[in-house]
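Visitor: Sharing a structure, written as structure tokens. Questions coming.
The values are calculated or read from the model by the stated rules, or taken from the named source; none is laboratory data. It should be emphasised that the depicted structure is a prediction, and the values quoted were computed from it without experimental measurement. Cβ sites come from the backbone with ideal geometry, for glycine too, and all protein chains shown count toward neighbours. Just the protein is used for accessible areas: all its heavy atoms, side chains included, with ligands, DNA and RNA removed. Shrake-Rupley method; radii C 1.70, N 1.55, O 1.52, S 1.80 Å.
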Amino acid sequence: MVRRESPVPELPEATAISRGVTRLAPSPTGALHLGNARTFLINWALARTNNWRILLRIEDLDTPRVKTGAIEGTIDILRWLGIDWDEGPIIQSADLSPYVGAMESLAGRKLAYPSDHTRSELETSGDGALSAPQEGSHEVAFPRELRPSLEPRPFDARERNWRFATPDVDVTFDDGFAGRQRHCPAHTVGDFLIWTKRGQPSYQLAVVVDDRRQGVTDVVRGDDLLDSAARQLLLFRALRGERDADDTKEPRYFHLPLVRGADGKRLAKRHGDTRLESYRALGVPPEAVIGLVAFWSGVPGPRRELDAATFARVLDPGSIPRRDIVFTAEDDAWLRSRRS
């Protein structure tokens, strides 16, 4: 489990002159569960409290794993919880041209190259590059010796994997919950995939391109993606370098500890049915789910029903536990006891 000892920085006060932008970015590869609810509710509450503009972005580029009806179901569940947004839904797969443009820039400036290495050569597959990395995936670093000579190349999006020429540098940043971070992607993952032979960008490239063009200033997500932040900052800086006048600021990150089962593993089917749609079908009101999230998030008092607006008002970012949350049988029993 992740442990944090660093103090939680205070969030900047909102001003009418400088307004932050955040995004709710669900992936429609499965139903939302209680852990997702916690992340989205905290993100939404921080945004509404600090006057951030909220984008709803559906990250549906992991095409083989996208479930039929999942986009509509995700939007419906967010609304059921009382979560709203200022723009969207923006569907990533609706327009691939921004990602193609980014790849043309990187390839033309010797920062990306095609890679046709086999699974056996790398001891892993690039097939999962469209998805956000999952905890425990144990990525194998791409060996630097397999990198070809770097030269300007025309980008061809058809049936080829492309990798980012990862610079051998430390990436440091201050995370709003995890504290000061230092990572070296060149040593941990090497030249990671940014375009896949399916003709789509990887997760790492897609979120950077979208965050840049949509003006995202504040990213709130689970800390299973903490290592990805360093990769994304490298890509952000590489793309920013394409125009001298580009002063796009890097986003601030707030990586929340995960909700886990009693076995210490991230919440999943092994821990029973924690899908929000299942609790709703049982008659559990959204206020009960929000109340449990509040209890997990350091709001004083016992579990009690709260609506989204009240949660945003009582949430204190400095009181959010900096340790992983355990979903217990008592939590489940309390939710079920609230059935109408």
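Visitor: Please work out how much length the chain gains when fully extended from residue 265 to residue 313, using 0.36 nm per residue of separation minus the C-alpha to C-alpha distance, in nm with one decimal.
Guide: 14.2 nm is the gain from fully extending residue 265 to residue 313.
Visitor: When ligands, DNA and RNA are left out and all protein chains stay put, how many square angstrom of accessible area per residue does the chain have with a 1.4 Å probe?
Guide: The answer is 46 Å² per residue.
Visitor: Ignoring ligands, DNA and RNA, please state the percent of accessible area on the chain from carbon and sulfur, probe 1.4 Å.
Guide: Here it works out to 48 percent.
Visitor: Can I ask one more? Quick check: residue separation of residue 282 and residue 145 times 0.36 nm, minus the Cα distance between them. What number comes out in nm?
Guide: That pair, residue 282 and residue 145, stretches by 43.8 nm at full extension.
Visitor: Then there's this: Going toward the positive end of the dipole of the chain, with +1 on Lys and Arg Cβ and -1 on Asp and Glu Cβ, which of 189, 203, 288 do you reach last?
Guide: The one lying farthest along the dipole's positive direction is 288.
Visitor: Still on this structure: Subtracting the Cα-Cα distance from 0.36 nm times the residue separation, let me have the gained length for residue 305 to residue 160 in nm, one decimal.
Guide: Residue separation times 0.36 nm, minus the Cα-Cα distance, leaves 47.1 nm.
Visitor: A follow-up question, please. Could you work out how far apart the two model spin labels at residue 326 and residue 240 are, taking each label as a point 7 Å from the Cα in the direction of the beta carbon, and quote it in nm?
Guide: 4.1 nm
Visitor: Next question. With the calculation restricted to Cα positions, what are the radius of gyration and Dmax of region 172-268 in angstrom?
Guide: 14.8, 51
Visitor: Here is a follow-up. Of the chain, which part is the longest with no GluC sites (Glu not before Pro) in a loop (DSSP not H, G, I, E, B) and with at most 11 other C-beta atoms within 10 angstrom?
Guide: 160-340
Visitor: So, one more: Using alpha carbon centroids, what distance separates region 15-70 and region 303-322, in Å?
Guide: 18 Å
Visitor: Another one. Hey, for a label at residue 87 modelled as a point 7 Å past Cα toward Cβ, could you say which residues of region 189-222 have their backbone N under 11 Å away?
Guide: Answer for region 189-222: 211-217.
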